[in-house]
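Only one structure is covered here, and it is reproduced in the block below.
The values are calculated or read from the model by the stated rules, or taken from the named source; none is laboratory data. All values derive from a computational prediction rather than experimental measurement. Glycine gets a Cβ as well: all are built from the backbone with ideal geometry, and neighbour counts include every protein chain shown. The area values use the complete protein model at the heavy-atom level, side chains included, leaving out ligands, DNA and RNA. Shrake-Rupley method; radii C 1.70, N 1.55, O 1.52, S 1.80 Å.
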Amino acid sequence: MRIIRGIIVAVLICLAAVDAISQNQLGGGRIPTGGMGNGMGSNNKQNNTQDEDREVVKEPVLIVVKDQGIAFGIDIAPFIIRIINEERTGFAFVGRYGIKNRLWAGAEAGFENVKYDKEDYSYKSNGTFVRLGIDYDIYVSDEYPTNNNIFVGARYGYAWQNHQSDKFVIVDDYWGAFEGSVGKTPVNTHWLEGLFGLRCEMLPNVYMSWSFRGKVRLASTHSADLNPYTIAGLGKYDTRVVMGFTYTVEYQIPTNRRKKR
């Protein structure tokens, strides 16, 4: 009996021990959320550190910088006008300077002489003009190299000249003919211009360009006895708004080439 009791007690003790062990295993088998969270945080920190250490590779951006500098040349338009109208003889110099990328200062100066003789009228004029203004290059290109330009701009023009009429005849059926003359008198004229033009580099540093211009005469002082036939640098006097054009050949000394390279 003692043996049986001992066996029963031993079995009970074993069952109690198994039950305790199973309870401990169930509690210890829970997912250690805190521990895994810390592990994931450390992994994220490592990944972030690696991302920060990794060099960011950026795509190259091409910025085309055009040659700018001092340009000077001549305007061929007066020669074309001379072919069309032999009474007008002129010559004009042009110059421009690159202030900064896409912005240019422009200057033009020249003269125009007019002389014609008719049966009842003669006229002479010697005039000089200057035009000053600014141009903006609206042509942006990603092609390299390119130094071509599309300009929009404005000019202020001023001309001073002397003109005269050595002979004029006024015919009247009642009073008869009257002949007279007007001596040399000064003329001073102010006007504004708006322009649109193209400019292309034909050879290294050699450019050809043309521009269309709308001109508005602001003021002109002269003797009431004689109106000007033309205004040097402006055009015909008989209309307040004048259309004109230029066709120039220029040589440019680039000043930013070293910087651009």
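When the C-alpha to C-alpha distance is required to be over 23 Å, the pairs from Lys115/Lys236; Lys118/Lys215; Lys184/Lys236; Lys167/Lys236 that qualify are Lys118/Lys215. Accessible area ranking (1.4 Å probe, heavy atoms, ligands and nucleic acids excluded), largest first, for Asp117, Asp137: Asp117, Asp137.
The alpha-carbon atoms of the stretch 192-237, seen along their principal axes, cover 52, 16, 12 angstrom, with the largest extent given first.
Calculated on C-alpha atoms, the gyration radius of the stretch 127-216 divided by its Kirkwood radius gives an Rg/Rh of 1.31.
Quick check on the stretch 98-250: take the gyration tensor over C-alpha atoms, sort the square-rooted eigenvalues as a ≥ b ≥ c, and tell me if it's rounded (a/c under 1.5), prolate or oblate. In terms of gyration-tensor shape, prolate. Taking the square roots of five times each eigenvalue of the Cα gyration tensor of the stretch 66-164, the equivalent ellipsoid has semi-axes of 36, 14, 10 Å, listed largest first.
Of Lys100, Lys236, Lys215, the residue with the largest accessible area leads and the full order is Lys100, Lys236, Lys215 (1.4 Å probe). Counting heavy atoms of the protein chains alone, Ile253 has an accessible area of about 90 Å² for a 1.4 Å probe. Once backbone amide H atoms are built at 1.01 Å from N, Tyr139 has Ile150 as its partners under 5 Å, excluding neighbours fewer than 5 places away on the same chain. Which parts of the stretch 107-130 would a label at Asn85 reach, counting a residue when its backbone N lies under 18 Å from a point 7 Å out along Cα-to-Cβ? Label zone hits: 110-119, 121-130.
With one equal scatterer per alpha carbon and no solvent term, the Debye-computed log10 I(q)/I(0) for the stretch 130-170 at 0.29, 0.33 1/Å reads -1.00, -1.10. Using a probe radius of 1.4 angstrom, the carbon and sulfur fraction of the accessible surface of the stretch 161-200 is 59%. Each 10 Å bin, from zero up to the one with the longest distance, holds this percent of the alpha carbon pairs of the stretch 163-261: 12, 26, 23, 19, 11, 5, 2, 1, 0. Think of each Lys and Arg Cβ as +1 and each Asp and Glu Cβ as -1; about the Cα centre, that makes the dipole of the stretch 140-261 roughly 960 debye.
What is the distance in Å between the Cα centroid of the stretch 85-117 and that of the stretch 168-185? Here the two parts' Cα centres lie 36 Å apart. Using R0 = 41 Å, the C-beta based FRET efficiency linking Cys200 and Ala177 works out to 0.15. Across the stretch 153-239, Cα pairs under 8 Å and at least six residues apart give a relative contact order of 29 percent.
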